[in-house]
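Worksheet for the structure shown next.
The values are calculated or read from the model by the stated rules, or taken from the named source; none is laboratory data. Just so it is clear, the structure is predicted and the values come from calculations on it, not from any experiment. For neighbour counting, all protein chains shown are included, and Cβ atoms are generated from backbone atoms with ideal geometry for every residue, glycine included.
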Amino acid sequence: MLAADLSPVLLLPGLFDSGPEHWQTLWLAGRPGFRRVEQKDWATPRCADWVATLDQAVQEAGRGALLVAHSAGCALVAHWASARHRGVRCAMLVAPSDVEAPSYPVGPTGFSPMPLQPLPFASTVVASSDDPYVSLERARFFADSWGSRFVNIGPAGHVNTASGLGEWPAGLELLEELARR
C-alpha cells in the first residue's frame, strides 16, 4: 500500500472508464488519498472537456498530486500538461493508447495528434509488449518524447481487466518508486 505522505493520487481512466475489476478501481479500496477523476462522457469525449475536468481535479487536490493514467487517460495528461501542469508532482502513464493509430476507436475528438513535448514533471510510461492499442515501439517513442522513464512489463495486453492483473501490486510499486524520485 502506498504511504499516506504520497497522496493525493488522481486516477485517470481511459475510454469507457475502468470497470469494477480494473486495477484502477481496485486501488481505490482502502486508500483514502486515491480519487478517480470522473469524466462526463466516457464513450465519445471531447479532449477539451476532459482537460477542463482534470484541471479542476488537480486544483481541488492541492499541490503535489500524483496522476495515474490509463490508455486514453495518458493522452489526456499530455494535452493537459502542454497548457497547464500546475500542482502535479509526477505521473504514471500506463498503456498509452495511440490516438493516431487505426486501432483508436471512432468517437473521441481532439485527442489527436498526441502532444510530444517533454512533460514538466517526473513521469513513467508503463507498456506491454502485446498491447493491441499501442505498439511497444510507439509507447517507447511517447516515453522518449515526454522525458519519461520507460518500463516494459512484458505481455500484459492493454494492462486492463482482461489482462488479469487484479490489484496489480507491481504497478503500485512502480508508482511508489516514481513518487519517491
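Could you pull out the residue among A29, A101, A43 that is out of contact with any Leu (no Cβ under 6 Å at 6 or more places or on another chain) and under 25 Å from S145 (Cα atoms)?
Answer to the check: A101.
For every residue, the table says whether it meets (1) charged (D, E, K, R); (2) assigned to a helix (DSSP H, G or I); (3) more than 25 Å from P32 (Cβ to Cβ).
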{"site": "R89", "(1), (2), (3)": "yes, no, no"}
{"site": "P102", "(1), (2), (3)": "no, no, yes"}
{"site": "V106", "(1), (2), (3)": "no, no, yes"}
{"site": "L116", "(1), (2), (3)": "no, no, yes"}
{"site": "S129", "(1), (2), (3)": "no, no, yes"}
{"site": "E137", "(1), (2), (3)": "yes, yes, yes"}
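From the residues in segment 77-110 that are at positive phi and over 13 Å from the mean Cα position of the chain (by Cα), which one is surrounded by the fewest Cβ atoms within 10 Å (Cβ to Cβ)?
In this case the residue turns out to be G107.
If Y133 satisfies every condition in (1) within 15 Å of the chain's Cα centre (by Cα); (2) surrounded by fewer than 17 Cβ atoms within 10 Å (Cβ to Cβ); (3) assigned to a loop (DSSP other than H, G, I, E, B) but one, which is the exception?
Every listed condition holds for Y133 apart from (2).
Name the one entry in G164, G157 that is touching a helix residue (DSSP H, G or I) at 6+ places or on another chain (Cβ under 7 Å) and at pLDDT 95 or above.
Only one candidate passes the filter, namely G157.
In segment 82-97, what residues are closer than 19 Å to Q117 by Cβ and either touching a Pro at 6+ places or on another chain (Cβ under 6 Å) or β-branched (V, I, T) (or both)?
Passing the criteria: S82, H85, V88.
Restricting the first residue to segment 125-148 and requiring it to be farther than 16 Å from V77 by Cβ, which pairs with a second residue that is surrounded by fewer than 21 Cβ atoms within 10 Å (Cβ to Cβ) and of a type in the set (V, I, T) meet a Cβ separation below 7 Å and a spacing of at least six or different chains?
Partner pairs satisfying both residue conditions: S128/I153.
Of everything in segment 136-171 that's of a type in the set (A, V, I, L, M) and surrounded by fewer than 17 Cβ atoms within 10 Å (Cβ to Cβ), which residue is nearest to A81 (Cα to Cα)?
Looking at the filtered set, the residue picked out is L136.
Can you say whether A69 is within 29 Å of R181 (Cα to Cα), at pLDDT 95 or above, crowded, with 20+ Cβ neighbours inside 10 Å and among the aliphatic types (A, V, I, L, M), as far as the supplied structure shows?
Judged against the criteria, A69 is a match.
Of all residues in segment 28-64, how many are assigned to a loop (DSSP other than H, G, I, E, B) and either hydrophobic (A, V, I, L, M, F, W, C) or loosely packed, with under 14 Cβ neighbours inside 10 Å (or both)?
Residues that pass the stated criteria total 12.
Return the residue satisfying two criteria in turn: it lies in segment 1-27 and is of a type in the set (A, V, I, L, M), in a helix (DSSP H, G or I) and out of contact with any helix residue (DSSP H, G or I) (no Cβ under 6 Å at 6 or more places or on another chain), and of such residues it is surrounded by the fewest Cβ atoms within 10 Å (Cβ to Cβ).
Selected residue: A4.
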